[in-house]
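Everything on this sheet refers to the single structure shown next.
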Amino acid sequence: MKPTVAYCHVIASLLAADGMMDQPEREFLDATMTKLGLDETERDAVMHFEGGDDAERVVAQMPLEERQELRDDLLAATLADGKISPLESQMMQRLSELLGL
């Protein structure tokens with residue numbers, strides 16, 4: 001799996017941690033996928049949570065600077081809809097630990 005796709009899979013999993021992804025969260029994910037240059041097939045896979053099983057393993061192996069950027073994007077993603085659910089908070093904590101940050 002390409003690191004950019006894994007990056008977006010991890011963000012999508014955080015945004016869906018509370019069981020729903022509202023419009024501001026979808027817009028954040030879409031903007032991230034655009035920024036990282038995902039093609040339509042990759043975007044569709046991320047949006048439908050297809051093939052994301054290895055995403056966490058891939059992002060955990062990224063260089064420190066990229067993991068820090070992902071952490072920042074994860075935090076921004078949790079704030080995209082103006083509220084942080086307890087499940088999003090728990091997942092953010094787990095992902096920060098996974099990233100070694």
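The values are calculated or read from the model by the stated rules, or taken from the named source; none is laboratory data. Note that the structure is predicted; figures quoted are calculated from it, not measured. So basically every Cβ, Gly included, is an ideal-geometry build from the backbone, and we count neighbours across all protein chains shown. Surface areas here come from the heavy atoms of the whole protein model, side chains and all, with no ligands, DNA or RNA. Shrake-Rupley method; radii C 1.70, N 1.55, O 1.52, S 1.80 Å.
Would a scan of the range 27-48 turn up a residue that is at pLDDT below 95 and surrounded by 20 or more Cβ atoms within 10 Å (Cβ to Cβ)? No, the range 27-48 has no match at all.
When the range 92-101 is filtered for residues that are surrounded by 18 or more Cβ atoms within 10 Å (Cβ to Cβ) and not in a helix (DSSP H, G or I), only L99 remains.
Quick check on my filter: what residues within the range 1-44 are in a loop (DSSP other than H, G, I, E, B) and within 28 Å of P86 (Cβ to Cβ)? Working first, answer last.
If we filter the range 1-44 for residues that are in a loop (DSSP other than H, G, I, E, B), which is where we start, we get 1-2, 16-22, 36-39.
Result: A16, A17, D18, G19, M20, M21, D22.
Report the residue count in the range 68-91 for those that are of a type in the set (K, R) and either over 12 Å from L101 (Cα atoms) or surrounded by 20 or more Cβ atoms within 10 Å (Cβ to Cβ) (or both). Talk me through it step by step, then tell me what you get.
Filtering the range 68-91 for residues of a type in the set (K, R) gives 71, 83.
Now drop any that are not either over 12 Å from L101 (Cα atoms) or surrounded by 20 or more Cβ atoms within 10 Å (Cβ to Cβ) (or both), which leaves 83.
Final tally of qualifying residues: 1.
Quickly run through the range 49-67 and pick out the residues that are open to solvent by less than 50 Å² (accessible area, probe 1.4 Å) and not hydrophobic (A, V, I, L, M, F, W, C). Of everything in the range 49-67, those that are open to solvent by less than 50 Å² (accessible area, probe 1.4 Å) and not hydrophobic (A, V, I, L, M, F, W, C) turn out to be G52, R67.
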